[in-house]
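The values are calculated or read from the model by the stated rules, or taken from the named source; none is laboratory data. Given the structure is predicted, the values throughout are model-derived calculations rather than measurements. Cβ placement follows ideal geometry from the backbone for every residue including glycine, while neighbour counts extend to all protein chains displayed. The accessibility values were calculated without ligands, DNA or RNA, using every heavy atom of the protein model including side chains. Shrake-Rupley method; radii C 1.70, N 1.55, O 1.52, S 1.80 Å.
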Amino acid sequence: MRVRMFTAWVDESGSDMRRDPGTYMLSAALVENGKEEGARAAMQALLPKVRSFLDEHVMPLEAGLARGFWALQPELDHVRARAKQAGLWQPQVPRDAGGMGLSVLEHGMVSEVLGRTPLGHYALGCQAPDAGNLELLLEYATDEQRGRFLQPLLDGTARSAFGMTEPEHAG
């Protein structure tokens with residue numbers, strides 16, 4: 001499959017969409033595998049749903065960030081539960097693991113919409129570093145590690161971390 005990327009600043013009618021990049025449906029995509037129309041229709045249905053979810057449930061919480069992220073945790077837990085119920089949980093995770101099963105390109109389009117708010121990625125369970133750590137655990141973890149570390153991340157009940165150092169030069 002070849003993917004050709006570009007940025008579209010106009011909608012189908014030719015209107016300039018730069019003032020609110022969250023309003024255009026496909027910001028980057030021409031999938032040249034003969035199925036671009038199906039992908040386009042699916043994303044045109046999904047992106048407004050994600051945008052509406054953010055507008056209704058996530059963006060109203062932004063004012064509370066002045067109290068600190070952890071002060072918002074009860075409200076954020078409620079929003080994350082709603083995201084799961086709405087079928088918007090973990091766009092980057094395969095369906096058989098409880099996610100939406102989006103491709104990298106599709107997840108990128110959803111991520112663009114989520115970037116409208118500092119709480120967007122967290123609300124849908126695709127924030128760093130958990131998203132990358134989920135992918136590693138899904139691919140390489142033992143059964144014991146999956147139970148201990150992966151499942152809580154999939155459920156959204158735990159956070160993960162990433163640490164890196166150089167051999168012989170801890171830092």
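The residue that is nearest to GLY125 (Cα to Cα), counting only those in segment 158-171 that are over 17 Å from the mean Cα position of the chain (by Cα) and not small (Gly, Ala, Ser), is PHE162. Within segment 154-171, restricting attention to residues that are within 17 Å of ALA97 (Cα to Cα) and among the small types (Gly, Ala, Ser), the residue that is most open to solvent (accessible area, probe 1.4 Å) is ALA158.
Just one of LEU105, LEU61, LEU54, LEU46 is touching a Gly at 6+ places or on another chain (Cβ under 9 Å) and either open to solvent by 20 Å² or more (accessible area, probe 1.4 Å) or in contact (Cβ under 8 Å) with a residue 60 or more places away in the chain (or both); which is it? Before the answer, list the steps.
On the way: LEU105 fails: touching a Gly at 6+ places or on another chain (Cβ under 9 Å); LEU61 fails: touching a Gly at 6+ places or on another chain (Cβ under 9 Å); LEU46 fails: touching a Gly at 6+ places or on another chain (Cβ under 9 Å).
Going through LEU105, LEU61, LEU54, LEU46 in turn, just one is touching a Gly at 6+ places or on another chain (Cβ under 9 Å) and either open to solvent by 20 Å² or more (accessible area, probe 1.4 Å) or in contact (Cβ under 8 Å) with a residue 60 or more places away in the chain (or both): LEU54.
Within segment 64-85, the residues that satisfy the criterion of being in contact (Cβ under 8 Å) with a residue 24 or more places away in the chain and either within 13 Å of the chain's Cα centre (by Cα) or not in a helix (DSSP H, G or I) (or both) are ARG80, ALA83, LYS84.
Residue count for segment 44-60 under the criterion of being among the aromatic types (Phe, Trp, Tyr) and either at pLDDT below 95 or over 22 Å from GLY120 (Cα atoms) (or both): the result is 0.
Scanning segment 16-43 for residues that are modelled with pLDDT of 50 or more, exposed (fewer than 14 other Cβ atoms within 10 Å of the Cβ) and closer than 23 Å to ALA83 by Cβ returns ALA41, ALA42.
Which of the residues spanning segment 108-148 are open to solvent by 30 Å² or more (accessible area, probe 1.4 Å) and charged (D, E, K, R)? Walk me through how you get there before you give the answer.
Keep residues of segment 108-148 that are open to solvent by 30 Å² or more (accessible area, probe 1.4 Å), which gives 108, 111-112, 115-116, 118, 121, 128-129, 132, 135-140, 142-148.
Scanning segment 108-148 gives GLU112, ARG116, GLU135, GLU139, ASP143, GLU144, ARG146, ARG148.
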